[in-house]
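Visitor: Below are the structure tokens for one structure; questions will follow.
The values are calculated or read from the model by the stated rules, or taken from the named source; none is laboratory data. All values derive from a computational prediction rather than experimental measurement. When we count neighbours, we look across all protein chains shown, and the Cβ atoms used for this are built from the backbone with ideal geometry, even at glycine. Note: accessible area is taken over every heavy atom of the protein model, side chains too, but ligands, DNA and RNA are not part of it. Shrake-Rupley method; radii C 1.70, N 1.55, O 1.52, S 1.80 Å.
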Amino acid sequence: MSSISNEVNWKKIEEDYYMFCVRRQPMVIVRGKGSRVWDQNGKEYLDFVAGWAVNNVGHSNEDVAKEISNQANTLLQTSNQFYTVPQLKLAQVLIDNCCMDKIFFANSGAEANEGAIKLARKYGKKNLGGAFEIITALNSFHGRTLTTWAATGKPHDEDPFQPLPSGFVHVEYNNIEAIKKVTSSNTAAIMIEPVQGEGGVNIPDESYLKAVREWCDQKGILLIFDEVQTGMGRLGALFGYQRFGVEPDVMTLAKGLGGGVPIGALLAKNFASVLEPGDHGSTFGGNALACAAAFASTNYLIENNVVELVNESSQYLLSKLGELQENNDDIIEIRGMGLLFAIQFASDISADVINSCNDLGLLLNAVRPDAIRLMPPLNVSLDEIDEAIEKLQSGIVQISKAND
Ligand SMILES: *Cc1c(COP(=O)(O)O)cnc(C)c1O
């Protein structure tokens, strides 16, 4: 067996061993601390990708690392045939800090959403005369399992994975009339993101989410918020729904929940009791290690009042991005809330901007060919924001020059 040395030929290993279904940036990250990471050559980067809005409490957060280490030396996994202390503690802290009554632990965002879909379908079966359809929004993202892929609001006609699970209706986001038009006696739930993340950071009107809530109440159907990306402080409140003053009936969490460790959660109000033993479950969901990490990370967010920090740095980042836009004709819009922002370009220059920023030591995400997404750790400093903006400015100028 060949060994993997410090001087990894990553490209060769990828070619020889990987299923090529993910496009990666050309570096091997070996270490992280706070909002910074280092590659195998020792090059330092400011990390405004944060594991896709996962590293909310920063890389190698000491509280989280300590909890993980303690737990690894105590107990990793028992199956859900038994209770564990970390899972009990995590359930308590999450439920005590949101509007939900009950929680179920999964391993990822897609899995949490699968649970939400099953819950809504059984609710429809029991309480809505067999209604099973779920309305979702175009440009949404709900995951890559077969069902959450079908729920994801994109054209599926040419889909190579056909046949997909049926029962999803996609409508325009931020348009209440579109929802009203497709609601029928088959409708069991509406599932939306309070802010669309993968769709390009799309912020709805506050009146939209309120109107969706009212519509669900009027029709007796469930409102599911997919907070996989918006939850755990990302929008400047512990949960995104709090920013809009609209309580969903069901909420899913994942990305930022575990401080970097994979974990997902399905939360619901008391009607969650429609799910009974045998309906749903998971071998690894809510394992002691992931729950210990998530408990430490959640506590860190709460005890350090990180949402306040997010609101301050959000204002600061917004003003800096405004200046950036003034200085660059290539930028036509800045969208964002909390520490989830997108820079909208006039043309498809995301990949070029990402490349030049890589060289300058700033990691970014190309959320669209013509938009990049900024989602730093929530405890990023104002100095680090300054540094990122300077690098972005240089990166964009390089591209504009090259294109002239
Ligand atoms: C990332 C994401 C998912 C999928 O989460 P995975 O952990 O990748 O399965 C689902 N919904 C939203 C809103 C997301 O951002």
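Visitor: Please work out which residue is surrounded by the fewest Cβ atoms within 10 Å (Cβ to Cβ), limiting yourself to the stretch 328-350 and to residues that are of a type in the set (A, V, I, L, M) and not in a loop (DSSP other than H, G, I, E, B). Before the answer, list the steps.
Guide: Quick first cut of the stretch 328-350, residues of a type in the set (A, V, I, L, M) only: 331-332, 334, 337, 339-340, 342-343, 346, 349.
In the following step, the residues that additionally are not in a loop (DSSP other than H, G, I, E, B) were identified as 331-332, 334, 337, 340, 342-343.
Values: I331: 20, I332: 14, I334: 18, M337: 21, L340: 24, A342: 24, I343: 27.
Ranking the qualifying residues of the stretch 328-350, first place goes to I332.
Visitor: Hey, can you tell me all the residues within the stretch 289-301 that are under 11 Å from V261 (Cβ atoms) and surrounded by fewer than 24 Cβ atoms within 10 Å (Cβ to Cβ)?
Guide: Listed by number, the list holds a single entry, L289.
Visitor: Would you point out the residue of the stretch 238-262, among those that are open to solvent by 10 Å² or more (accessible area, probe 1.4 Å) and closer than 21 Å to D63 by Cβ, that is farthest from the ligand (Cβ to nearest atom)?
Guide: L238
Visitor: Go through E193, E303 for me and flag whichever is over 16 Å from the mean Cα position of the chain (by Cα) and not aromatic (F, W, Y).
Guide: Numbers: E193 fails: over 16 Å from the mean Cα position of the chain (by Cα).
After applying the criteria, what remains is E303.
Visitor: Which members of the stretch 140-164 meet the condition of being open to solvent by less than 70 Å² (accessible area, probe 1.4 Å), within 16 Å of S108 (Cα to Cα) and more than 11 Å from the ligand (Cβ to nearest atom)?
Guide: Result: T147, single match.
Visitor: Suppose we keep only residues that are more than 22 Å from Q229 (Cβ to Cβ) and out of contact with any strand residue (DSSP E or B) (no Cβ under 6 Å at 6 or more places or on another chain) within the stretch 315-327. Which one would you say is most open to solvent (accessible area, probe 1.4 Å)? If you could, list the steps in order and put the result at the bottom.
Guide: Filtering the stretch 315-327 for residues more than 22 Å from Q229 (Cβ to Cβ) gives 319-320, 322-327.
Filter once more, keeping what is out of contact with any strand residue (DSSP E or B) (no Cβ under 6 Å at 6 or more places or on another chain): 319-320, 322-324, 326-327.
Details: S319: 58, K320: 45, G322: 25, E323: 89, L324: 4, E326: 151, N327: 106 Å².
It comes out as E326.
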